[in-house]
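One structure is given below, encoded as structure tokens.
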Amino acid sequence: EPEVTQTPSHQVTQMGQEVILRCVPISNHLYFYWYRQILGQKVEFLVSFYNNEISEKSEIFDDQFSVERPDGSNFTLKIRSTKLEDSAMYFCASSVGFGEKLFFGSGTQLSVL
Amino acid sequence: DAKTTQPTSMDCAEGRAANLPCNHSTISGNEYVYWYRQIHSQGPQYIIHGLKNNETNEMASLIITEDRKSSTLILPHATLRDTAVYYCIVRAGGAAGNKLTFGGGTRVLVKP
């Protein structure tokens with residue numbers, strides 16, 4: 001069964017550093033998402049992306065965050081200058097169309113020291 | 001999206017049916033009920049969804065009340081691998097319905 005792939009599974013960085021989290025969505029999917037989950041808390045929506053632009057974003061997704069689809073297969077989340085509070089599990093998801101079910105990757109655990 | 005209310009946790013016995021309730025009394029006519037689960041910090045996994053009719057697939061059954069104000073997810077024969085947090089999510093249909101908004105979910109522990 002096709003799946004959403006995320007790399008790396010764990011990322012450790014120093015506060016203030018830039019990080020890029022990578023995702024390969026399912027190949028025929030057109031909508032892409034990033035969610036995050038701080039330890040012990042809810043899964044929170046960050047952003048959705050379609051047709052090479054952001055279609056929706058949450059209040060969490062401020063100027064420190066950006067997303068990109070640099071080629072036909074990858075979807076990335078960049079955090080420009082990481083803060084301690086950015087430590088979380090970041091999940092990428094994709095769906096074949098608008099309103100269709102989301103398929104999630106296994107996540108990248110980001111630790112900011 | 002309409003808010004949902006789920007019990008914080010529940011236990012069930014291996015091999016028995018697990019019935020997970022969800023209240024969504026403010027659901028509107030074009031909103032769907034989705035169920036996802038999250039096994040130990042893995043990515044959420046889609047289980048099933050429905051609008052007003054009962055639905056069944058290889059994983060579970062979804063029973064939605066006639067007034068649509070509540071629903072029940074049924075895992076017919078729970079196994080230890082079904083231990084997870086189960087999320088009931090109401091998702092708008094039409095042009096407004098793309099992102100999923102997760103609540104706290106029900107932590108289900110399947111015991112031998």
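Distance between the 7 Å Cα→Cβ label points at B:T72 and A:T5: 4.3 nm. What's the center-to-center distance, using Cα atoms, between the stretch B:49-112 and the stretch A:56-76 in Å? The distance from the Cα centre of the stretch B:49-112 to that of the stretch A:56-76 comes to 29 Å. A straight line joining the Cα centroids of the stretch B:7-30 and the stretch A:2-22 runs 34 Å. In order along the stretch A:63-68, phi translates into HN-Hα couplings of 5, 6, 9, 8, 10, 7 Hz, rounded to whole numbers, per the Karplus curve 6.51 cos²θ - 1.76 cosθ + 1.60 with θ = phi - 60° and x for Gly and Pro.
In chain B, what percentage of the DSSP-assigned beta bridges are antiparallel, given to the nearest 5? Once the DSSP bridges in chain B are tallied, antiparallel ones form about 85 percent. Evaluating 6.51 cos²θ - 1.76 cosθ + 1.60 at θ = phi - 60° for every residue in the stretch A:26-40, the Karplus couplings come out as 5, 4, 9, 7, 10, 10, 10, 9, 10, 10, 9, 9, 6, 3, x Hz, glycine and proline recorded as x. At a 1.4 Å probe, what is the % contribution of carbon and sulfur to the accessible area of the stretch B:37-94? Roughly 49 percent, rounded to a whole number. Rolling a 1.4 Å probe over the heavy atoms of the protein chains gives chain B an accessible area of 50 Å² per residue. Determine the shape class of the protein assembly as shown: with a ≥ b ≥ c the square roots of the Cα gyration tensor eigenvalues, call it rounded for a/c under 1.5, and otherwise prolate if a/b is greater than b/c, oblate otherwise. It is prolate, given that a/c is not under 1.5 and a/b is the larger ratio.
Excluding ligands, DNA and RNA and using a 1.4 Å probe, chains B and A jointly bury around 1500 Å² of accessible surface, summed across both partners. List the pairs from A:K42/A:K78; A:K57/B:K3; A:K57/B:K52; A:K42/A:K83; A:K57/A:K78; A:K42/B:K99 whose alpha-carbon separation is above 26 Å, in the order I gave them. From the list (A:K42/A:K78; A:K57/B:K3; A:K57/B:K52; A:K42/A:K83; A:K57/A:K78; A:K42/B:K99), the Cα-Cα distance tops 26 Å for A:K57/B:K52.
Label zone of A:I54 (point 7 Å out along Cα→Cβ, amide N under 15 Å): in the stretch A:19-46 this covers A:32-36, A:45-46. Here the protein assembly as shown carries DSSP beta bridges of which approximately 90% are antiparallel, counting only pairs with both residues inside.
Of the residues making up the stretch A:82-113, those losing 40 Å² or more of accessible area when the isolated chain is joined by the remaining protein chains, with a 1.4 Å probe, are A:F98, A:G99, A:K101, A:L102, A:F104. What FRET efficiency would be calculated for the residue pair B:S28, A:K42, taking the C-beta separation as r and a Förster radius of 25 Å, to the nearest 0.05? Computed FRET efficiency for B:S28 and A:K42 comes out at 0.65. Across chain B, the relative contact order, built from alpha-carbon pairs under 8 Å that are at least six residues apart, equals 37 percent. With the highest mean first, a sort of the peptides B:9-15, B:70-76 on other beta-carbon atoms found within 10 angstrom per residue produces B:70-76, B:9-15. Measuring only protein heavy atoms, the 1.4 Å probe finds B:K69 accessible over about 100 Å². With all protein chains in place and a 1.4 Å probe, the accessible surface of chain A carries 47 percent carbon and sulfur. In the stretch B:72-112, the residues that give up 50 Å² or more of accessible area when the other protein chains are added, compared with the chain on its own (1.4 Å probe), are B:N98, B:K99, B:F102.
The values are calculated or read from the model by the stated rules, or taken from the named source; none is laboratory data. Being a predicted model, the structure only gives us computed values, none of them experimental. Note that we place each Cβ from the backbone using ideal geometry, even for glycine, and neighbour counts take in every protein chain shown. The accessibility values were calculated without ligands, DNA or RNA, using every heavy atom of the protein model including side chains. Shrake-Rupley method; radii C 1.70, N 1.55, O 1.52, S 1.80 Å.
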